[in-house]
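FYI, it's all coordinate maths here, none of it is from the lab. Remember, it's a predicted structure, so these values are computed and weren't measured experimentally. Note that each Cβ is placed from the backbone with ideal geometry, even for glycine, and that neighbours are counted across all protein chains shown.
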Amino acid sequence: MATPTEPGPVDTGRHSTLEPAANGHLDPVALAARLITIDSVNPDLAPDGAGETEIAAWCAEWLATRGFEVHRLEERVGRPSIVGIKRGTGGGRSLMLNAHLDTVGVDGYEGDPFAGERHAGRLHGRGAFDTKGGLAAVLVAAQRATLTPLAGDVLVTLVADEEFGSSGTEEVLRRFSADSAVVVEPSELSLTVCHRGFAWFDLTLRGRAAHGSMPEQGVDAIRHAGLVLRALDDLRTGLEQKPPHPLLGHGTVRVAVIAGGTDAATVAPSCTLTIERRTLPGETPDAVEAELRRLLDHLAQGTPDFAYTLTRLVARAAFEADPDWPIVLELAEQAERVLGHPVEQRGEPFWTDAALVLEAGIPCLLFGVDGGGAHATEEWATERSIHQVAEVLETTIVSICA
């Protein structure tokens, strides 16, 4: 059952401006091409990014003209997310379909990133693969599946800010829930059933400045950084010696940024390292932070004047689906029927909003189009896969919500 707490449905007030011929109606490829023409670059990634305002309004209108109850969520001004609901007749399971509205930037993109060009069976443009092809498939599948009323509610959640901070999915999940969910990301027609998590930390090492000709009078923070680097290498070796996850392999640790010192003639009074830790299911952000603090405390015990401050910047848990969840079994069955072969189940090294959906208590997995060029200088999705994802999602909605 969809459970909104606030705000109520909104009336877009612009239905007459949207003609079926102009938006591809229920052809997901034509619809995806139209969506690509709307600049929705995340402004947290590119200062001149347009954000989600225009594409959110467009999708809200598309949903409203087709009888969906539309909610606009915008805790962050200028960063709206849209929730469209087709209410069921009652007594059925609800299903949430999640896709993001934003894209990464277009600097260096080869050609027109917003043309939505189609040739040789491929749709080109920023977001074609990640993930406007999947977004179009969600819209079409939800409409097709609900032309005949279902027992359960169907929720279409189109979120802002997935490419940076995931504030859109977090906002949606504070107001809506469902019995299960499909998060649409470019999985190349595979079922993504797990992915790594991550945690970022700033480590500041505090030394004491002194003249470079008399280093014994100071405390060299850069030397202490070298000790940390060696200790992190030992941690990485330990991670690699543990039994690997069957789909995700091992966790990782690395230093992403290092900065310290003032000039060539002065002992470095400070040094800062940004540390990234990629995690596996079962490794919590708190446990990872405690692991780093033990390492640093051990260095402090054996190194005179070793002083540090460790600050957690952001941390997201890993994701893993239960293979026996009804949504996993049903989507696998429908994908095999549409594609004509058993569908691969795989894990991803990167993080997605599926972890947030699961943390909210909603069983879920990821599924999406085939193609390439996510975050690259040329991006594309196969037209065939966009049609296939729409069909798989449509039949999954009917099966789950009926």
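Descriptive notes on the structure:
- Here the Debye sum runs over all C-alpha atoms of the chain as equal scatterers in vacuum, and log10 of I(q)/I(0) at q = 0.06, 0.07 Å⁻¹ comes out as -0.29, -0.38.
- Peptides ranked, highest mean first, by Cβ atoms within 10 Å: ranges 224-230, 96-102, 166-172: 96-102, 166-172, 224-230
- For segment 140-194, the Cα-based Rg and Dmax, in that order, read 13.3, 37 Å.
- The residues neighbouring residue 69, those whose beta-carbon lies less than 9 Å from its own, together hold a net charge of +2 under the Lys/Arg +1, Asp/Glu -1 convention.
- With a simple spin-label model that places each label point 7 Å from the Cα along the Cα-to-Cβ direction, the separation between residue 284 and residue 300 comes to 2.2 nm.
- Protection proxy ranking, peptides 206-213, 119-126, average beta carbon neighbours within 10 Å, highest first: 119-126, 206-213
- For residue 131, net neighbour charge (Lys/Arg +1, Asp/Glu -1) across residues whose Cβ lies under 9 Å away: -2
- Shape of segment 24-123, Cα gyration tensor, a/c cut at 1.5: oblate
- Packing, taken as the mean count of other beta carbons within 10 Å per residue, orders the peptides 234-242, 365-373 from highest to lowest as 365-373, 234-242.
- Size of segment 272-311 from its Cα atoms: along the principal axes, largest to smallest, the extents are 37, 19, 12 Å.
- A simple spin-label model places pseudo-atoms 7 Å from Cα toward Cβ; at residue 274 and residue 344 they are separated by 3.2 nm.
- Relative contact order of segment 87-179, pairs being alpha-carbon contacts under 8 Å that are 6 or more residues apart, as %: 47
- If you wrap the tightest convex hull around every Cα atom of segment 327-402 and split its volume per residue, you get 104 Å³.
- The chain - mean residue ellipticity at 222 nm from DSSP helices (-39,500 (n - 2.57) per run, n ≥ 4, rounded to 500): -10000 deg cm²/dmol
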